[in-house]
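Could you have a look at this structure, given as structure tokens, before my questions?
The values are calculated or read from the model by the stated rules, or taken from the named source; none is laboratory data. All figures in this text were calculated on a predicted structure; none of them were measured in a lab. Cβ: placed from backbone, ideal geometry, glycine included. Neighbour counts: every protein chain shown. Please note that ligands, DNA and RNA were not included when accessible areas were found on the heavy atoms of the full protein model with its side chains. Shrake-Rupley method; radii C 1.70, N 1.55, O 1.52, S 1.80 Å.
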Amino acid sequence: MTATVFSGVQPTGNLHLGNYLGAIRNWVKMQDDYDCIYGIVDMHAITLFQQPAELRAHIREVAAAVIACGVDPQRAILFNQSQVSGHAELAWIFNCVARMGWLSRMTQFKDKAGKHRERASVGLFVYPNLMAADILLYKGTHVPVGEDQKQHLELARDIAQKFNVDYEVDFFPLPEPLILGEATRVMSLKDGGKKMSKSDPAEASRINLADGPDDIARKIRKARTDAEPLPGDPKGLADRAEARNLVGIYAALSDLTVADVCARFDGAQFSSFKQALTDLAVEKLGPISAEFARLRADPGHVESILNRGAEAARQRAEPVLRQVKEIVGFLQA
Ligand code: TRP
């Protein structure tokens with residue numbers, strides 16, 4: 001049996017280095033080894049209110065970024081979730097499989113709903129059921145997951161299992177987490193204790209995928225550091241959040257381990273390390289930002305790629321959904 005990967009990304013603006021090293025880069029790598037289906041999950045996005053014009057712009061923007069980073073629509077299916085109605089249809093069935101108790105235990109719901117549980121959208125509560133539908137609509141077997149999505153994937157497995165048991169079928173696979181190499185958690189360039197974020201008001205805290213070589217050089221030059229030279233061993237980074245972040249970025253961009261990078265820059269001052277990091281970042285990100293700019297200027301082209309992706313996704317989903325409806329007992333033409 002071939003392994004099918006499903007992964008989703010929410011449409012947001014201000015895509016940055018953290019999005020690239022944390023997720024998009026893995027999408028690019030996985031296309032070599034798996035049958036990959038990648039969704040831009042706008043239906044998940046609206047569990048929190050989105051301005052329509054912004055949502056539309058962000059869907060195009062994320063699609064452009066993903067393609068610019070190297071996801072190849074010839075090899076992987078890249079599509080926009082709401083254009084494939086099977087997601088909503090299967091999610092409804094899963095709303096009737098998943099239990100209130102399971103969803104009440106989701107930590108992300110508790111975090112996002114905050115103190116105002118009563119005022120959260122119902123969609124936010126059943127968000128994980130839609131995510132399970134995303135994966136299982138294609139009988140996805142593997143899902144790349146960071147720490148924050150592990151619990152949701154567990155729930156998808158529970159749903160698949162309960163569906164199989166309730167209907168006495170061996171239909172859905174139990175999707176497995178895919179953990180790819182050393183996790184890269186990219187932190188703010190201004191505060192090593194905070195994640196690099198699209199919503200940080202300090203522009204200099206992040207390297208955007210749209211940044212050209214001059215922006216990249218300036219932001220790295222101004223990045224916060226400490227006064228010590230770099231250690232030859234990763235243990236020496238233990239309580240040096242900013243140094244650890246820059247070394248981690250270097251490691252991720254060069255495909256080296258943090259230990260390799262420490263060995264290479266043992267005793268170096270930040271001035272020289274930052275220069276090396278700038279050269280590396282410009283080499284790796286320069287072509288991406290150029291392609292990103294080109295695609296952003298041609299939204300019609302990006303949309304035609306998404307339309308083709310949706311067509312391919314529908315074809316994959318159709319027989320699965322048909323069988324699900326048969327199993328559940330719905331009438332079909
Ligand atoms: N919930 C994921 C996130 O916020 C996005 C997502 C939606 C997803 N559907 C998915 C990820 C299916 C993996 C598989 O990051």
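What nm value, rounded to one decimal, do you get for the distance between T257 and V28 when each label is placed 7 Å out toward the C-beta?
Taking the two extended label points, one gets 2.3 nm.
If packing is taken as the average count of other Cβ atoms within 10 Å, what order do 131-140, 148-157 fall into, highest mean first?
Details: 131-140: 24.8, 148-157: 18.0.
By packing density, highest mean first, the sequence is 131-140, 148-157.
Let me ask something else about it. Based on the Kirkwood radius over alpha-carbon pairs, what value in µm²/s does the Stokes-Einstein equation return for the translational diffusion coefficient of the range 62-187 at 25 °C and 0.890 mPa s?
152
Angle, helix 270-296 long axis vs. longest principal axis of the chain, Cα atoms, 0 to 90°, nearest 10?
Value to nearest ten degrees: 40.
Sticking with this one: Quote the relative contact order of the chain in percent (integer), defining contacts as alpha-carbon pairs under 8 Å separated by 6+ residues.
Relative contact order of the chain: 22 percent.
Let me ask you something else. What share of all Cα pairs of the range 203-294, in percent, falls into each consecutive 5 Å distance bin?
2, 15, 25, 25, 17, 10, 4, 2, 0
Just subtract the alpha-carbon distance of D166 and D215 from 0.36 nm times their residue separation and send over the number in nm, one decimal. Before the final figure, lay out the partial values.
Numbers: separation 49, 0.36 × 49 = 17.64 nm, distance 5.61 nm.
Computed gain between D166 and D215 is 12.0 nm.
For a label point 7 Å from the Cα of Q323 along Cα→C-beta, name the residues of the range 1-23 whose backbone N is under 14 Å from it.
1-2, 4
Next question, about the same structure. State whether the range 136-271 is rounded, prolate or oblate according to the following rule on the C-alpha gyration tensor (a ≥ b ≥ c being the square roots of its eigenvalues): a/c under 1.5 gives rounded; otherwise a/b larger than b/c gives prolate, and the remaining case gives oblate.
It is prolate, given that a/c is not under 1.5 and a/b is the larger ratio.
If you wrap the range 119-163's Cα atoms in a convex hull and average its projection over all directions, what's the area in nm²?
Taking a quarter of the hull surface, the average projection is 3.6 nm².
Kindly provide the chymotrypsin sites (Phe, Trp or Tyr not before Pro) of the range 46-119 that DSSP labels as loop, not H, G, I, E or B, and whose Cβ sees at most 11 other Cβ atoms within 10 Å.
Of the chymotrypsin sites (Phe, Trp or Tyr not before Pro), the ones in loops of the range 46-119 whose Cβ has at most 11 other Cβ atoms within 10 Å are F49.
Per residue, how much accessible area does the chain have with a 1.4 Å probe, in Å²?
Here the per-residue accessible area is 49 Å².
Of the heavy-atom accessible surface of the chain (probe 1.4 angstrom), what whole percent is carbon and sulfur? Walk me through the numbers before you get to the answer.
Numbers: 8310 of 16220 Å².
Using a 1.4 Å probe with all protein chains present, the chain comes out at 51 percent carbon and sulfur.
Before rounding to the nearest 500, sum -39500 (n - 2.57) across all DSSP H runs of length at least 4 in the chain and divide by the residue total; then give [θ] at 222 nm in deg cm²/dmol.
-16000 deg cm²/dmol
Kirkwood hydrodynamic radius, computed over distinct alpha-carbon pairs, for the chain: how many Å, to one decimal?
21.3
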